[in-house]
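Note sheet for the following structure.
The values are calculated or read from the model by the stated rules, or taken from the named source; none is laboratory data. Quick caveat: nothing in here was measured; it's all calculated off a predicted structure. So basically every Cβ, Gly included, is an ideal-geometry build from the backbone, and we count neighbours across all protein chains shown. Side chains included, ligands, DNA and RNA excluded: accessible areas come from the protein's heavy atoms. Shrake-Rupley method; radii C 1.70, N 1.55, O 1.52, S 1.80 Å.
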Amino acid sequence: MPDDARIKPQRALISVSDKTGLVELGQGLARHGIEILSTGGSAAALAKAGVAVTEVSAHTGFPEMMDGRVKTLHPLIHGGILARRDLTEHVAAMGVHRIAPIDIVVVNLYPFEATVARGAPFDECVENIDIGGPAMIRSAAKNHDFVAVVTDPADYAALLDELAAGGTTLALRRRLAAAAYARTGSYDAAIAGWFNDQLGETAPRYLALGGTLAQTLRYGENPHQRAAFYVGGPRRPGVATATQHQGKELSYNNLNDTDAAYELVAEFAEPAVAIIKHANPCGVATAATLGDAYTRALKADPVSAYGGIVALNRTLDAKTATLIAELFAEVVIAPAIDAAAHDVLRAKKNLRVLSTGGLPDPSQPGLTMKSLAGGYLVQSRDVGRIGANQVKTVTKRAPSPAELADLLLAFTIVKHAKSNAIVLVKDGMTVGIGSGQTSRVDAARQAVLKASEMARDAGEPGSRAKGAVLASDAFFPFPDGLQVALEAGVTAAIQPGGSLRDAEVIAAADAAGAAMVFTGMRHFRH
């Protein structure tokens, strides 16, 4: 059948949970002389609008039963959808069994994802698993040579346009069929994922992934790469659910970096600001006020902050917004933004400003995924957190309370830096970060170099590393990496421990009079 060959439909079946555009669709079908079969609320809404409609139960002669669980699962429905009009035996069977053809199927599914997202109890979630809807959708999509299947109100206009031109084309029916299978696949993935969460299953035999297109992106990491942004999985405050108040469309890199920034800043109970560049922290600080936290985070590395992402864990106020407006930033994201802050940032027309309505829970379990050639790597999200009572002092000197506070802050930040990573912190702010290095000693050198360069650029004497503390995302295999930091003036270190040469590393700290604590927890991030 040619792609532009048209079929003039005689009969449509409509059964939708989302009634957006339903009446207009029904009126459009009626104008083209198409008989409408429908169920429950859809039939009632059409009838109320004056659209002639036949209840499915009247069409089949079989009543809805079991609280609506059984209504469209009937041969007169699926026979009408699945019958091939070009096969004499199919047409003969339709005649013998009085099966009327159904040429258009308009179905969208019970709101399972929305039910789960609002935290509904188990039984209610189960009741919102649609059975008849996916069955009709898949039947119609399989028989797309003759049947048009519509699963999204966004496609109603295209259907009505083709009807106005004389009937549906094979090209449209194939496109709608592809969208239909993607929708049922995504729906089943959401159900499977929810069931696995209920069971605590982290490695199911079959992995089902699904999402809904949120944005077609101009390009990916580089201009020659195509890209799109999909939302799906458990609802979590962040860039995927944020409201964008101003600025240009978010790019692939903006989305990736903003997610990294917001996940980092959500780790802290006190006011905190993180500035991210290329998914790595370049400045992070906590303080008594949001404005002070921002000032300190920027001071940590103002050079790298240029063109970065600014994430805040408190409502953005006008004072802090005024400070941010002095920087060229790509994105600002916060749980909320007050009216005065909006007024300040509005002058920065290209600045993307996002609010999320909340912070992600750093302890909430979930999965992360990375694609490989021919497969996927899936792991649980790194929700590991270390408190003051979970560290073990391994040196002769224990850290002071102030050092311990900075050590815990540094270890939280290093969790969000690409490995190998070293983070230097002093008085609640980063003073040097070394990330993404192929050796731990190189990461230490980079962090110390940053601390020295930033002090020089700010006109400060010496290096910011002097009196700072160090966090390492993994153990020191040799004392050399720690030695680099100790020679620069670092006074305390936090690391997982577990190296064959732990004793040598501890001895190096003791020789310098430094304190060191072990966490027993590693934070690789690749």
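Couple of notes before you dig in:
- Once the gyration tensor of the Cα atoms in the range 163-303 is diagonalised, the equivalent ellipsoid follows with semi-axes of 39, 22, 13 Å, ordered largest first.
- Gain in span if fully extended, HIS526 to GLN215, counting 0.36 nm per residue against the direct Cα distance: 109.4 nm
- Size descriptors for the range 80-154, from the alpha-carbon set: Rg then Dmax equal 16.3, 51 Å.
- Estimated Rh, the chain: Kirkwood, alpha-carbon pairs, angstrom: 26.7 Å
- Counting protein heavy atoms only, the chain has 54 percent of its accessible area on carbon and sulfur, 1.4 angstrom probe.
- Counting DSSP beta bridges with both ends in the chain, the antiparallel % (nearest 5): 55 percent
- Residues of the range 140-168 with amide N under 19 Å of a point placed 7 Å along Cα→Cβ from ALA52: 164
- Averaging the sequence gap over all C-alpha pairs within less than 8 Å and six or more residues apart, then dividing by the number of residues, gives the chain a relative contact order of 9 percent.
- Length added when fully stretched, ALA373-ALA339, from 0.36 nm per residue minus Cα-Cα: 7.5 nm
- Farthest towards the positive end of the charge dipole of the range 376-478, among the residues MET429, PHE475, GLY462, is the Cα of PHE475, using unit charges on the Cβ of Lys, Arg, Asp and Glu.
- Tail beyond 21 Å, pair distance distribution of the range 48-207 (Cα, percent): 56 percent
- When only the Cβ of Lys, Arg, Asp and Glu is charged (+1, +1, -1, -1), the dipole of the range 9-114 relative to its Cα centre reaches about 180 debye.
- Charged-residue dipole, Cβ positions (Lys, Arg, Asp, Glu), the range 367-526 about Cα centre, Debye nearest 20: 420 debye
- Estimated D of the range 248-307 in µm² per second, where Rh is the Kirkwood radius over Cα pairs and Stokes-Einstein applies at 4 °C, 1.567 mPa s: 111 µm²/s
- Rounded to the nearest 20, the size of the Cβ-charge dipole of the range 320-431 about its Cα centre is 400 debye, with Lys and Arg at +1 and Asp and Glu at -1.
- Against the empirical curve 2.2 N^0.38 Å, the C-alpha radius of gyration of the range 114-189 lands at a ratio of 1.31.
- Those lysines that a straight Cα-Cα span of less than 17 Å connects to LYS418, excepting residues fewer than 8 apart in one chain: LYS277, LYS370, LYS450
- Residue-normalised convex hull volume from the C-alpha trace of the range 392-526: 88 Å³ per residue.
- Listed values for the range 133-148 are Karplus-derived 3J(HN,Hα) couplings in whole Hz (6.51 cos²θ - 1.76 cosθ + 1.60, θ = phi - 60°), namely x, x, 5, 5, 4, 5, 4, 5, 5, 4, 9, 5, 4, 10, 10, 9, and x replaces Gly and Pro.
- Fraction of antiparallel bridges per DSSP, the range 310-449 only, in percent to nearest 5: 60 percent
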